[in-house]
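The block underneath contains the structure these notes are about, expressed in structure tokens.
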Amino acid sequence: MSKQSLQNLPIGVSNWPTIRRQNMFLIDKTDRLNVLVTEQIKIFISRPRRMGKSLLHSMLADLFAHGDRNFEGFAIYGHWPEQRTYPVIKFSFMDVEGKDVATYENQLRISLKMAYVAAGFTQIIDLEKEARSFDEFLKMVAVSFQDHDLVFLIDEWDQGLSANLNNEEAYNAVLGVLSKFNKWLRGLPNVRFLLVTGIMRYKEASLFTGQDTQDISMEPRWASLLGVTQEELETCYAPYITKAAQRLDVSEAKLLEQLKAYYDGFCFDSEAKVHLYCPYALNKFFVPIVNDSQQLPQFESYWMKAASASDALKNYLRSIRFDFGAEYQQLQDNNVILSKNDFTGSVGWSQVKLLPVMAQSGYLTIKESTTDPLTGDAAFRLGYPNLDVSKEFIKVMNYR
């Protein structure tokens, strides 16, 4: 099989126009986007890093702003439900930093301004200069653009909170600003569609107040919206698998077995039926095949290393305010039982515990649906998703 027959893999690329322009490899899941944007108006999806959240934002931004003109050859082409285009307010809280109220407000204000400018609303620059406070700025923005139906795409919404789990003062400062922003966002009457993505659910931040924002993270029908199923691996990655097996001098069946052990196992399905591969880890594994280099594909912990998962967990372990000996023993026995409420529920700073953090962050995943032996309540049995995670996790625990 020639090098030319394999598309380049989007390693760390989450910008849809770039992927499209360079004809990079991508599994087509766009047939589901028309349902996603018509059935719900405000949606929250929780996923670990490197599972494709940012790419989903980029694709939806292009669709709402330009229609399906850039999706020829994809399932959504000709089936996008909108007959008009919308201004898209898109930004990530990864760009918003600060450990005190004034700094965090200022960073969020700048990100919001830049997002509106990118959507064509350059007059927001003057509004920001006139506003005497963050609160006044939000009010002025709401009034000034109330005649436009807007699409909001907000990624990594919980970053500021998760980054300060070891600093209660900074956590509360960020929380106050986020609560104010989310209350403002929920109150806007002219939102055509809102997608918020992140990792953790923090109940005090006003995102989940009332029924405004629907959390579809664990709904079975959306379980495979992000990530790679076994069927998608065996069909869409087929030419990569063939060439990798040849390079490693193993059968394709053996290679699939090893890929499954290392990169499969992520589950975001309340029925515990759909298991997924991390797309970033798969792409990293197959890179030498695309480059046609002499380097052999390597089974490494790509997700744990590239998602900064190890560092994030280390930061959290520094902040732990209780003895987790029992939890650690459950991890060692690969027999963690967590109630569905603890797995999917939102938490506050004083309620953050090790196992729910690990589950929502991807260090642990659902193995099966069960019942809590003590309470009889619905629960999940959790374990490490795969070798990618388990091999590095041991190092992290030893670090502490």
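Computed values, structure above
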quantity	calculated
Summed residue charge, Cβ within 10 Å of residue 92's Cβ, Lys/Arg positive, Asp/Glu negative	-1
Cβ-based charge dipole, the chain, positive-most Cα from 175, 146, 207	175
Relative contact order for the chain, counting Cα pairs under 8 Å that sit 6 or more residues apart, in percent	18 percent
Chymotrypsin sites (Phe, Trp or Tyr not before Pro) within the range 60-110: DSSP coil, no more than 16 neighbouring Cβ in 10 Å	77
Net charge of Cβ neighbours under 15 Å - reference residue 369; Lys, Arg +1; Asp, Glu -1	-3
Compactness index (Cα Rg / 2.2 N^0.38 Å), the range 230-302	1.12
Cα centre as origin, Lys/Arg/Asp/Glu Cβ charges: the chain dipole, Debye	500 debye
Mean projection area, nm², convex hull over Cα of the chain	20.6 nm²
Which listed pairs, of 53/305; 99/340; 113/284; 284/353, have C-alpha distances above 26 Å, in listed order	99/340; 113/284; 284/353
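Quick note: the coordinates plus some simple rules give every number you see, no bench work behind them. Given the structure is predicted, the values throughout are model-derived calculations rather than measurements. Positions of Cβ are generated from backbone atoms using ideal geometry, with glycine treated the same way; all protein chains shown enter the neighbour counts.
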